[in-house]
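J.: Before I ask anything, let me first share the structure, which is written out below as structure tokens.
No lab work stands behind these numbers, since they all come straight from the coordinates. Bear in mind that the values here come from a model prediction, so they are computed numbers and not experimental data. Positions of Cβ are backbone-derived with ideal geometry, glycine not excepted, and every protein chain shown enters the neighbour counts.
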Amino acid sequence: MLGMTYAAAMIATLPLLFIIFHLLRQGAAFIRPSFFTEMPKPVGEAGGGMANAIVGTLILIATASVVGLPVGIGAGLYLADRRGNLLATVVRFLSDVLNGLPSIVLGIFAWEFLVRPFGGFSALAGGVALGAMMIPLVTRTTEEMIRLVPVSLREAALALGYTRWRTSVSIVLRTALPGIVTGALVAIARIAGETAPLLFTALGNQFWSTSLHEPIAALPLQIFSYAISPYDTAHAQAWAGALVLIAIVLIISLIAKYATRGRHDGGGD
Amino acid sequence: MAAETEPLLRTRRLNAWFGGTRVLRNVTLDFADCSVTAVIGPSGCGKSTLLRCLNRMHETAPGANVEGDVFLGPTSIYKGDLNAIAVRRHIGMVFQRPTPFPTMSIRDNVAAGLRIRIGAGPSKKETDEIVETALERAGLWNEVKDRLRESAMGLSGGQQQRLCIARALATRPTVILLDEPTASLDPLSTQTIEELVHELKQTIAVVIVTHNMQQAARVSDRTAFMLAGEMIEAAPTSSLFTNPRDSRTEDYVTGRFG
């Protein structure tokens, strides 16, 4: 039995190791400084970079965070505070449903409400779609982290003459903060590579654009369009782009892990 | 010293509820300044609720309700000018389990109650002095003076509890409420806390809830016995234990139930 679980544990890590190994083999050679600073070359031409897609992905992540984090953290605080009441139970259930919703459905939703009425694809619509994906993840981790804070700490603060509001912010929220930050980073890592919701919203852009109202390039979209093109040079760029994307996700995950560790160290001031 | 003429803290026909359950029944009890009053009784008799009514912590629980009154000196803490926040700064409280704030250093834990609002409070230098005094009074200064900036979570359970006492003392309360303060501690730490209680009563009133009758006998000047939400008997500790007037008190202190 132990042997089988051991085997399963090994197999569980295989896909990631295989992907990273393959990406390094196929893409590492094409990662040069110019990949980060230059624009894509016309189709079929070698070289060039993905500066627009990298910046586009960062802008999309930022927009998604502006939408997803306040709503998710706020909702999580509410759920933690009103754990038993009907609205909280309904919100918790719906948030789990939203979490399980296929991301393409969110993309269609964003298209219906943010693309069609405003007459065009936009970075804003893409960011909102990604932000909507973040909400349930952030809501549930925030709720759980707040609940992990012992009630006795709350009581101790109230007994010191803290107001309820200050107790919530400077004791409960402060104690749960490392966990909430970790949850937020995990959610960001999760949406950074999403492609489906962007197909109908951000659309992708061959040119440099940082406007929220224009279609915007994004790494997953760029990888997709390069990967389905017939040129070897484009394939090389797709591999390199995938490597950069996975590196971004890995870095965010590492930061998330570091933030959690601070929690167990106690982290004085 | 224990025989103050006017009691510092008085409850008058105090009743308390959790939702529909009445947990205190017309409790009238006096607490003298510069002395230790112990409240004993079996589990669920309402002794912790009584304590929590004395600094208006009871009302923070959902569905909790209080009737009757509590006076700090001449002032009603429920109907007077003091709001709940001010009451809790005058009447400090320490809980059964140590509750240091995990995100704060030892120093910041002690200073936690000093600022009423963000941006209003003593200067850094004054704060350092208050922290030192409070830690001295809690008998912890010598053990932590070299690591004030470290996390309070590194302290032992007994040290954490004394840190919580220091934190409660920092706001200069006139009464300190101890809710089974040694229930989670080892015998040695318990002894340290009991010695500390002796020190504290030189300057302030101490109310201690305990289910340990030996502890009540060791530390208190007066003892009150509660049963099913009622105050059965309150008397000088030695006479309550050796010569109880009520048969129920006698049954309890002689170990026939509870």
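J.: If only one of A:Ser209, A:Ser225, A:Ser229 is more than 14 Å from chain B (Cβ to nearest Cβ), in a helix (DSSP H, G or I), farther than 17 Å from A:Gly76 by Cβ and among the small types (Gly, Ala, Ser), which one is it?
T.: A:Ser225
J.: Here is a further query. Looking at (1) surrounded by fewer than 21 Cβ atoms within 10 Å (Cβ to Cβ); (2) closer than 22 Å to A:Gly107 by Cα, find the lone condition where A:Leu148 falls short.
T.: (2)
J.: Among the residues of the range B:144-157, count how many are crowded, with 16+ Cβ neighbours inside 10 Å, under 24 Å from B:Arg172 (Cβ atoms) and either out of contact with any strand residue (DSSP E or B) (no Cβ under 9 Å at 6 or more places or on another chain) or of a type in the set (S, T, N, Q) (or both).
T.: Matching residues across the range B:144-157 total 2.
J.: Quick one: which of A:Ile180, A:Ile191 is at negative phi, within 13 Å of chain B (Cβ to nearest Cβ), within 15 Å of the chain's Cα centre (by Cα) and in contact (Cβ under 8 Å) with a residue 12 or more places away in the chain?
T.: A:Ile180
J.: Could you check the range B:82-141 and list, in sequence order, the residues that are within 22 Å of B:Ala183 (Cα to Cα), facing another protein chain (nearest Cβ under 8 Å) and among the basic types (Lys, Arg)?
T.: B:Arg97, the sole residue that qualifies.
J.: Given (1) within 18 Å of A:Leu69 (Cβ to Cβ); (2) of a type in the set (Val, Ile, Thr); (3) crowded, with 18+ Cβ neighbours inside 10 Å, where does A:Val169 come up short, assuming only one miss?
T.: (3)
To keep it simple, each residue is scored yes or no on (1) over 26 Å from B:Asp251 (Cα atoms); (2) free of Cβ contacts under 8 Å to residues at least 60 places away in the same chain; (3) part of a loop (DSSP other than H, G, I, E, B).
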{"site": "B:Trp17", "(1), (2), (3)": "yes, yes, no"}
{"site": "B:Asn26", "(1), (2), (3)": "no, no, no"}
{"site": "B:Val39", "(1), (2), (3)": "no, no, no"}
{"site": "B:Pro42", "(1), (2), (3)": "no, no, yes"}
{"site": "B:Val70", "(1), (2), (3)": "yes, no, no"}
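J.: Among the residues of the range B:98-138, which ones are touching a residue at least 60 places away in the same chain (Cβ under 8 Å) and closer than 15 Å to A:Ala159 by Cα?
T.: B:Pro98, B:Thr99, B:Pro100, B:Val110
J.: Still on this structure, I have one more. Does A:Phe109 fit the bill of being surrounded by fewer than 19 Cβ atoms within 10 Å (Cβ to Cβ) and closer than 22 Å to A:Leu148 by Cβ?
T.: no
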